[in-house]
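What follows is one structure encoded as structure tokens, with my remarks underneath.
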Amino acid sequence: MNEPQKRISDKALSVWRITGAITSVSIMVMAGGVIWLSNVFSWPAWVVIAAVAAIILHVYLYVYLFPLLRWKRWRYEVREQEIELQQGVFVVKRTLVPMIRVQHVDTRQGPLLKKYGLATVDVSTAATVHEIPALPMEEAEELRQFISRLARVADEDV
Amino acid sequence: MSNSKRLHPIAAVTNFFKQLKELIVPFIAFFVFGTKASEGDLWFFMGSIAVVMLVLGIGVLNWLRFSYRLEEGELRMEYGLLVRKKRYIPFDRIQSLDFSEGILHRPFGLVKVKVETAGPSGAADAEAVLTAITKEEANRIQDIIAQAKGKLVEGALDTEVERLEERAEENVIYQISSKELLVLATTSGGVGVVLSAMVAFLSQLDDLIPYESAYREVERVVSNGIVIVSVLVFIGFLLAWVVALIGTMVKFAQFTVKKTEREIIISRGLLEKRQITIPLNRIQAVRISENILRQPFGLCSVYLISAGGSVRNTEGSKVLLLPAVKKAQVAHILQEHLPILATKQPFNKPPKRSLPRYLFRGALMVVPFVITAIAIFKLWGLLSIMLFLFSSAWSYVIYKDAGWSIEGQQLNIQYRGFIKHTLFMKKNNVQSVSYKESFFQRRKNLATMTSLIKSGMGAIGGTIVDIEKEEAREIYHWYSHSQKAPF
């Protein structure tokens, strides 16, 4: 299968892992609460086991597996006439956005992305917004200018 | 042309009623939950009068402060009670003018004019309203704007005569017949609304109707015979249905679709006349919708999906073009009038091997209900397994109704949730196309396609699930603008 060519930055992996770890911490707090409660009310042992299993599973999925699969899948390609994106974990989704439909392009950056020198590019059409996450900052900036230049050339009604 | 004008005084009255209508809910809440002590009654009464007077005063002042004028190629409005606002709309930014006549407008020959602009997308005030002006004035404004825009489009060539000719060149493409109106009304879902309104109304009257004694009365009646009760219930339903019927008929009477060179004009209504104008170049797609009530009669409704409308007013984004017509006649009625053809041609269907996936998805929806039923009713809950029969039948219908076709620059998609939709769209208007393939789909060589178009401020999409992978790729290729094939 002829996939789009470009990958996003491999630092995206670290960013996603950290994000996953943060959500994992909140799960741990909740599971910890359950374990404490089961101690107080002497609930059956399987409650504790389930809580521990939930923590382990969550960490495995959101810190290890999903970021990896997601990163492996994420591809994009910007051609003269269109932008093509490929993403997904279990469901592969490929999207075509013609250049003449692009209305504007934004880059944005949260604290985590900033730490890793990354930025996210948002491509907006009249009706939809498409996101290319975690590109190196210069690349994101270049891409933003490139797309907006091409989009201006391909100017048309709605 | 440049002197500023005020709206007709009726505008103050309509504003007053509009405000009053918004107050009615808190009013009722106050009335129901409020104090019941008798000494509160006088205060309540006086308070109500004071509030009504205040609203009336504000309505009149707002009217006094509102002025508009047409000058230097702009519609200029000034208004605002405490904060003075000025709003200047250049004529060439005006997308369409919609006229409507309320009950209050009609005796005085007035119209309400809604000015829709191609404002910044997402802006809540993408439209301006002149609440009440005379018909002649409205026509004058329309002419001035059309003339100004015509000049912009056609250069200086445009003359008054040509303009007039074009205005005369409105041809009626559809007019509802009384038979269609009747069918439309009988199959409308308005009954439910009326019924729930009745229930709400009855429950509001808690204080006025002595329910206690009424119940006793009812008990006696019930002991006298179930028959009477069921007859009463039946009469209630019948009444609700008749009310809904008349409501729909009044609303859709004289439904007419006209077409000029650049726009589609839809007008309808008996007591309240409404007119909607859709510029042809704002039309994004045509949608045929068939609900279960109308499908057996071979009837469908046709909608125009338009880029118009604003956040507040979503009405402009999906406009009812033909309320209830025979599906076979749609193509005949619309012919070449629209930029998009709603033709009836064979649709490519999902393959047989995707049927199990459709059935499975349907069954999945039912599972929670079955589990709950078994958990609560134990053995009797097993009866809920019957639900799987319904879900399977429904899934089969959904499977049967899915389809797609491409003809030249046009993509047509057919799909069903509860209502069967057929969406016709031009490649130019499709904002994006996605191809989706899950792990299980890949094993069966199936894929899902979604294409999104702009509708008002947002997007609506046609999704077709579990078609042949090759076909999904074909659509993807069709949409791709580059030479190099993406797959």
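Computed from backbone phi with θ = phi - 60° and the Karplus coefficients 6.51, -1.76 and 1.60, the 3J(HN,Hα) list for segment A:29-37 is 4, 5, 4, x, x, 4, 4, 4, 4 Hz; x is used for glycine and proline. Of the trypsin sites (Lys or Arg not before Pro) found in segment B:41-143, the ones in coil according to DSSP and having at most 11 other Cβ atoms within 10 Å of their Cβ are B:84. Within the shell of other residues whose beta carbon sits under 11 angstrom from the beta carbon of residue B:438, the net charge comes to +4, with Lys and Arg scored +1 and Asp and Glu -1. Within segment B:320-404, the chymotrypsin sites (Phe, Trp or Tyr not before Pro) that combine a DSSP coil assignment with at most 16 other C-beta atoms in a 10 angstrom radius are B:347.
Compute the signed sum of charges (Lys and Arg +1, Asp and Glu -1) over the other residues within less than 9 Å, Cβ to Cβ, of residue B:173. Every neighbour counted, the sum reads +2. Taking Cα centre as origin and charging only the Cβ of basic (Lys, Arg, +1) and acidic (Asp, Glu, -1) residues, the dipole magnitude of segment B:390-451 rounds to 140 debye.
Distance between the 7 Å Cα→Cβ label points at residue A:106 and residue B:442: 3.3 nm. Under 5 Å between amide hydrogens, built in the peptide plane, is the criterion, and for residue A:119 it picks out A:134, A:135, A:137 among residues at least 5 positions away or on other chains. The mean number of partner chain beta-carbon atoms within 10 angstrom of a residue's beta-carbon across peptide A:86-96 is 6.
Scanning residues 5 or more positions from residue B:308 or on other chains, those with amide H under 5 Å from its amide H are B:456, with H placed 1.01 Å from N in the peptide plane. Peptide B:443-451 has a mean shielding of 1, counted as Cβ atoms of other protein chains within 10 Å of each residue's Cβ. The length gained on full extension between residue B:377 and residue B:477, counted as 0.36 nm times the residue separation minus their Cα-Cα distance, comes to 30.7 nm. Can you work out the PRE-style zone for residue A:28? Point 7 Å along Cα to Cβ, and I want the residues of segment A:58-73 with backbone N under 16 Å. Within reach of a label on residue A:28, which here means backbone N under 16 Å from a point 7 Å along Cα→Cβ, segment A:58-73 contributes A:58-64.
Which residues' amide hydrogens lie under 5 Å from the amide hydrogen of residue B:253, considering only partners 5 or more residues apart or on another chain, with H built in the peptide plane? Answer set, sorted by chain and number: B:269, B:270.
Take each residue in B:433-441, count the other chain C-beta atoms within 10 Å of its C-beta, and the mean is 5.
Between the listed residues B:304, B:374, B:358, the Cα displaced farthest toward the positive end of the dipole of segment B:296-441, a dipole computed from Cβ unit charges relative to the Cα centre, is found at B:374. Residue-wise HN-Hα couplings along segment B:426-438, as the Karplus relation 6.51 cos²θ - 1.76 cosθ + 1.60 with θ = phi - 60° gives them from phi, are 8, 3, 4, 9, 6, 7, 7, 10, 10, 10, 10, 8, 8 Hz; Gly and Pro carry x.
The phi torsions of segment A:50-59, fed into the Karplus equation with coefficients 6.51, -1.76 and 1.60 and a -60° offset, translate into couplings of 4, 4, 5, 4, 4, 4, 4, 4, 4, 4 Hz, rounded to whole numbers, with Gly and Pro shown as x. Between residue A:80 and residue B:364, the C-beta separation translates, for a Förster distance of 60 Å, into a calculated FRET efficiency of about 0.90. Between residue B:353 and residue B:250, the C-beta separation translates, for a Förster distance of 56 Å, into a calculated FRET efficiency of about 0.65. Place a point 7 Å from Cα of residue A:64 in the direction of its Cβ. Which residues in segment A:39-53 have their backbone N less than 19 Å from it? What the label zone holds, given the 19 Å backbone N cut-off, is A:50-53. With a cut-off of 12 Å between beta carbons, the residues surrounding residue B:76 carry a summed charge of +1, where Lys and Arg count +1 and Asp and Glu -1.
Basic side chains Lys and Arg get +1 at the Cβ, acidic Asp and Glu get -1 at the Cβ, and with that the dipole of chain A about its Cα centre reaches some 580 debye. Which links in B:318/B:426; B:114/B:273; B:352/B:427; A:6/B:426; B:352/B:469 stretch past 20 Å when you go from one Cα to the other? Over 20 Å Cα-Cα: B:352/B:427; A:6/B:426.
The numbers here are math on the coordinates, done by the rules we state, and not lab data. Bear in mind the structure is a predicted one, so any value in this text is a computation, not a measurement. All Cβ positions, even for glycine, are placed from backbone atoms using ideal geometry, and neighbour counts span all protein chains on display.
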